[in-house]
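Student: Please read through the structure below; I'll follow up with questions.
Since every read-out is calculated from the coordinates, none of them should be taken as a lab result. Because the structure is predicted, anything quoted here is derived from the model rather than measured. Positions of Cβ are generated from backbone atoms using ideal geometry, with glycine treated the same way; all protein chains shown enter the neighbour counts.
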Amino acid sequence: MRADRRTVSWALGPRAVARALCAAVVVCALLGAGPAAAVSPPAQPATRLTSLTGLTSLPAADAQTVDYSSGPYADRLCPTTPASGVACSLGRSLLATTQGAGHRVRAVEAGATCERQAGLWVCFDVRSFLVQRGGTTYGDTFLSPDGQRDLGADLVAHESEHVRQWRLFGPDFSLMYLAEGVDPCGNYFEQQAGLVAGGYSCG
Ligand SMILES: [Zn+2]
């Protein structure tokens, strides 16, 4: 398992970042919006589906799409009108992509290892106050304090939903997430990402 991991320091140069940005734009243009960030505890080992164009893959065991348009933050989504909605969606998705890329660059510079697992950018051995509990997703990248390992399909799906939340709600997502409180069991965004998949036990 470990042998076929792709370490991706090669993917952190300007050309690769540009490539990632282009991919995000294309995906958003095709799908309307993309995957988004938050906190998770350790996960169980599981199979990993590697994808070179992973922005398009959501390898969840439970792959239904969460609909935020009827939730408490519906008014914080991009407008649905074609004119402003498309530009808003593309802008937010691009911001999530560049935010994640920036975190990866800083993480690698500090000694972390970043790779893709089933379409999700993951950096291991990240030492930062920004990383809470079992890890934190910023933009399109999951930052983990743990050593390199297979996250497992459930945790990848959980963090990919956080990526999607970043893309849908934009930079304000961080404030919205914090406003939901530090208890993951009562946090709307954790609930939508899947508490069990995220490794939380909520009685
Ligand atoms: Zn989470």
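Student: Tally Lys/Arg at +1 and Asp/Glu at -1 over every other residue whose Cβ is under 15 Å from the Cβ of Gln132; what's the total?
Tutor: Overall, the nearby charge balance is -3.
Student: Tell me the net charge near Glu109. Cut-off is 15 Å between Cβ atoms, Glu109 excluded, with +1 for each Lys or Arg and -1 for each Asp or Glu. Spell out each step's value before the answer.
Tutor: Working: positive: Arg104, Arg106, Arg127; negative: Asp125.
Neighbourhood net charge equals +2.
Student: So how far, in whole Å, is the C-alpha centre of region 65-83 from the one of region 159-174?
Tutor: Using only Cα atoms, the two centres lie 12 Å from each other.
Student: What ranking, highest mean first, results for peptides 99-112, 116-129 when packing means the other Cβ atoms within 10 Å averaged over each residue?
Tutor: 116-129, 99-112
Student: Suppose the chain between Cys202 and Ser84 were pulled fully straight at 0.36 nm per residue; how much longer would it get relative to their current alpha carbon spacing?
Tutor: 38.5 nm
Student: Still on this model: Let me check I've understood the local charge: for Phe169, count other residues with C-beta under 10 angstrom from its C-beta, Lys and Arg +1, Asp and Glu -1. What total comes out?
Tutor: +3
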